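A.B. asks: Can you keep this structure in mind? I'll have questions shortly.
The values are calculated or read from the model by the stated rules, or taken from the named source; none is laboratory data. As the structure is a prediction and not an experimental result, all values here were calculated from the model. Neighbour counts are summed over all protein chains in view; Cβ atoms, including those assigned to glycine, are modelled from backbone coordinates with ideal geometry.
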């Protein structure tokens, strides 16, 4: 079986955070970093060259493919901050009501700046996604 291209590395989390520009995005990412460490109780690990992941869980597709992934994470991309919460953001237990200005992909939540979203609501979403992963209630399709 093929391995995931994105895997944990020995890269420096501090260096990754220090290199984020502009300054507001770096500040937003530092807030997310603290939030995710607090909610997972896990230190960040650099996955690949551009994703900070917190904790881990094992998944298995119906096809038999399996691997390990982080409970939650984020990446500072050019257009927005990508938050990785679940493999399926349409999960019935995730409520995006009153979050604010965001875009949503299949497994990523995109925010341009923290000031455009409710930080309290975002914290609730991240905590719920972590809980779901820990219950192993998510089976990627």
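A.B. asks: Might you check whether a residue that is more than 30 Å from residue 66 (Cα to Cα) and either in a loop (DSSP other than H, G, I, E, B) or within 13 Å of the chain's Cα centre (by Cα) (or both) occurs anywhere in the stretch 131-138? Step through it out loud before you land on a result.
C.D. replies: Step one: list which residues in the stretch 131-138 are more than 30 Å from residue 66 (Cα to Cα), which gives none.
No, the conditions are met nowhere in the stretch 131-138.
A.B. asks: Please state which one of 78, 104, 92 is farther than 18 Å from residue 35 by Cβ, surrounded by fewer than 17 Cβ atoms within 10 Å (Cβ to Cβ), touching a strand residue (DSSP E or B) at 6+ places or on another chain (Cβ under 9 Å) and without any contact (Cβ under 8 Å) to a residue 24 or more places away in the chain.
C.D. replies: On the way: 78 fails: touching a strand residue (DSSP E or B) at 6+ places or on another chain (Cβ under 9 Å); 92 fails: touching a strand residue (DSSP E or B) at 6+ places or on another chain (Cβ under 9 Å).
The unique qualifying residue is 104.
A.B. asks: Give all pairs with beta carbons closer than 6 Å in which a residue from the stretch 110-121 that is surrounded by 15 or more Cβ atoms within 10 Å (Cβ to Cβ) meets a residue that is in a helix (DSSP H, G or I); count only pairs at least 6 apart in sequence or on separate chains.
C.D. replies: Within 6 Å, the pairs are 114/28.
A.B. asks: Of all residues in the stretch 65-79, count the ones that are part of a loop (DSSP other than H, G, I, E, B) and in contact with a helix residue (DSSP H, G or I) (Cβ under 8 Å, 6 or more places away or on another chain). It would help to see each step written out before you state the result.
C.D. replies: Here is the first cut: in the stretch 65-79, the residues part of a loop (DSSP other than H, G, I, E, B) are 65, 70-71, 77-79.
Those still in the list that are in contact with a helix residue (DSSP H, G or I) (Cβ under 8 Å, 6 or more places away or on another chain) too: 71.
Total satisfying the criteria: 1.
A.B. asks: Now a separate question. Mind listing just one residue for me: the one in the stretch 55-64 that is surrounded by 13 or more Cβ atoms within 10 Å (Cβ to Cβ) and outside any strand (DSSP E or B) and, of those, modelled with the lowest pLDDT? Talk me through it step by step, then tell me what you get.
C.D. replies: The first filter runs over the stretch 55-64 and keeps only residues surrounded by 13 or more Cβ atoms within 10 Å (Cβ to Cβ), leaving 55-57, 59.
Going one step further and asking which of them are outside any strand (DSSP E or B), we end up with 55-56.
Numbers: 55: 93, 56: 87.
My answer is 56.
A.B. asks: Which one is farthest from residue 48 (Cα to Cα) among residues in the stretch 98-123 that are at pLDDT 95 or above and assigned to a loop (DSSP other than H, G, I, E, B)?
C.D. replies: 98
A.B. asks: Among 52, 32, which is closer than 23 Å to residue 87 by Cβ and outside any strand (DSSP E or B)? If you could, list the steps in order and put the result at the bottom.
C.D. replies: Values: 52 fails: outside any strand (DSSP E or B).
Among 52, 32, only 32 is closer than 23 Å to residue 87 by Cβ and outside any strand (DSSP E or B).
A.B. asks: Oh, and also: Consider residue 82 against the criteria (1) outside any loop (DSSP other than H, G, I, E, B); (2) touching a helix residue (DSSP H, G or I) at 6+ places or on another chain (Cβ under 7 Å): it satisfies all of them except one. Which criterion is unmet?
C.D. replies: For residue 82, the failing item is (2).
A.B. asks: Considering only residues that are closer than 21 Å to residue 21 by Cα and free of Cβ contacts under 8 Å to residues at least 24 places away in the same chain, which ones fall in the stretch 56-75?
C.D. replies: Let us first name the residues in the stretch 56-75 that are closer than 21 Å to residue 21 by Cα, namely 73-75.
Within the stretch 56-75, no residue meets the criteria.
A.B. asks: A further question on this structure: Restricting to the stretch 35-49, what's the tally of residues that are under 23 Å from residue 119 (Cβ atoms) and in a strand (DSSP E or B)?
C.D. replies: From the stretch 35-49, those under 23 Å from residue 119 (Cβ atoms) are 35-44; that's our starting set.
So of that shortlist, the ones also in a strand (DSSP E or B) come out as 44.
Within the stretch 35-49, residues that are under 23 Å from residue 119 (Cβ atoms) and in a strand (DSSP E or B) number 1.
A.B. asks: Can you name every residue in the stretch 98-112 that is in contact with a helix residue (DSSP H, G or I) (Cβ under 6 Å, 6 or more places away or on another chain) and on the phi < 0 side of the Ramachandran plot? Spell out the reasoning first.
C.D. replies: Let us first name the residues in the stretch 98-112 that are in contact with a helix residue (DSSP H, G or I) (Cβ under 6 Å, 6 or more places away or on another chain), namely 98-101.
Scanning the stretch 98-112 gives 99, 101.
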